[in-house]
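Colleague: Can you read through this structure? Questions will come right after.
The values are calculated or read from the model by the stated rules, or taken from the named source; none is laboratory data. Owing to the predicted nature of the structure, the values given are computational and were not obtained by experimental measurement. All Cβ positions, even for glycine, are placed from backbone atoms using ideal geometry, and neighbour counts span all protein chains on display.
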Amino acid sequence: MAATVSVNGLWLALAALVLVAAAVAAALLLRRSERRQLRMMGRLRQDADRQSEAVARLSEGLNAALRQIEAMSGAMELRQDRMRRTLDERMELMNQANERRLEQMQSLVTDKLDGRLNESFRMVNSQLEGVYRGLGEMRELALGVTDLQKMLGGVKTRGVWGEVQLRALLEQLFAPDQLAENAAIPEGSQTRVEFALRIPAGEGERLLPIDAKFPQEDYLRLVEASEAGDAEQVRRCAAQLERAVMEQARRIHDKYIRPPQTTDFAVMFLPTESLYAEVARREGVIQRVQERYRVLISGPATLCALLTSARMGIRTVTLERRSGEVLAMLSTMKQDFAGFDASVQRMRQRLNQAQTELDALERQSRRVVNAIENVDDAPGGI
């Protein structure tokens, strides 16, 4: 128990010593900081004195500068007043001169503008009249297109329109006697082709059937599917259009190809270039139609080329026929010319004989004239 008390006392003594040491250290540190603060305060006072002196010198310099600036500003104001008065006078003169020039220019520009504006107004009025006429024509054309769309809505009217267009093309290329319209194939039957081209063959002729077809519904469905971007629908509509074309070709083959009355092939006419281009774009369709059904598919442009070739063939055959006729005519003319040559020879002989007789008469007449002249020249006359 006594030992425990002594240990506690020692610890308390040590703690007291530590506290005393800490207090002494704190006092020393406090004194040092006070001395440092005193030194710093002295330095700050010195710096403040130097700064106050610098400020005083600066204020004196500023006051002197202000006095100089005031003097210079007074002089500048005088100069500015003189310059302002001079500029005002010059500006007034320039304004007067500019006003006179502007008045002259205005009169000139006004005269020119009046002339040009009048001409421009006349041109604009004429152009507007042309635009109004064009708008009227466009309205009429729009009404015509609407009527055409209504007309092409029916199968029969589409067929009539295709026939009209086909007739117009054929009439431009061939003479009426080279075409047959609504020809019966075979002869004596009720089956009639819209148009047939008469092609010379041997001693007679053959008919080239030409039939107009217009599968508009299948083509329009294909166009709508293409515009919609539906690839599957485009494929189905394209296949349907191919089937429609093949079916029309089969009908033309079964109804109109009847050798020897007709040629061994026929022509299917598609009235629009867009429809023909779509059919031609389908790989192998035109070739299959030609090989399977002996039918040539053509549009307006290709029909002209095809029929132009046919017309040249007709001309060639016609020339061959005419050449035989010409040869026969030349043979007859040769025989006639041989008789004509004999007649000419006889006529030449007669003319030579007449010339001889005329020469004898001329000599005789000269002798008579000489005798008469000799009688007149004789002495004493008659």
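Colleague: Considering only region 161-213, state which residues are in contact (Cβ under 8 Å) with a residue 12 or more places away in the chain and basic (K, R).
Modeller: Of everything in region 161-213, those that are in contact (Cβ under 8 Å) with a residue 12 or more places away in the chain and basic (K, R) turn out to be R167, R198, R206, K213.
Colleague: While we're on this one: Report whether or not A249 is surrounded by 15 or more Cβ atoms within 10 Å (Cβ to Cβ) and at pLDDT 85 or above.
Modeller: Values: surrounded by 15 or more Cβ atoms within 10 Å (Cβ to Cβ): yes; at pLDDT 85 or above: yes.
So A249 fits the description; yes.
Colleague: Looking only at region 223-233, decide whether some residue is closer than 20 Å to D264 by Cβ, within 36 Å of the chain's Cα centre (by Cα) and either without any contact (Cβ under 8 Å) to a residue 60 or more places away in the chain or buried (at least 17 other Cβ atoms within 10 Å of the Cβ) (or both). If you could, list the steps in order and put the result at the bottom.
Modeller: Here is the first cut: in region 223-233, the residues closer than 20 Å to D264 by Cβ are none.
Scanning region 223-233 turns up no residue that is closer than 20 Å to D264 by Cβ, within 36 Å of the chain's Cα centre (by Cα) and either without any contact (Cβ under 8 Å) to a residue 60 or more places away in the chain or buried (at least 17 other Cβ atoms within 10 Å of the Cβ) (or both).
Colleague: State whether the residues of region 259-276 include one that is within 24 Å of A184 (Cα to Cα), in a helix (DSSP H, G or I) and modelled with pLDDT under 85.
Modeller: Looking only at region 259-276, we keep the residues that are within 24 Å of A184 (Cα to Cα), and these are 259-271.
Filter again for in a helix (DSSP H, G or I), leaving none.
Looking for residues that are within 24 Å of A184 (Cα to Cα), in a helix (DSSP H, G or I) and modelled with pLDDT under 85, one finds none in region 259-276, hence no.
Colleague: While we're on this one: Scan region 197-217 for residues that are farther than 30 Å from A239 by Cα and under 39 Å from the mean Cα position of the chain (by Cα) and jot them down. Full working, then the answer.
Modeller: Residues of region 197-217 farther than 30 Å from A239 by Cα: 197-207.
Across region 197-217, the qualifying residue is only L197.
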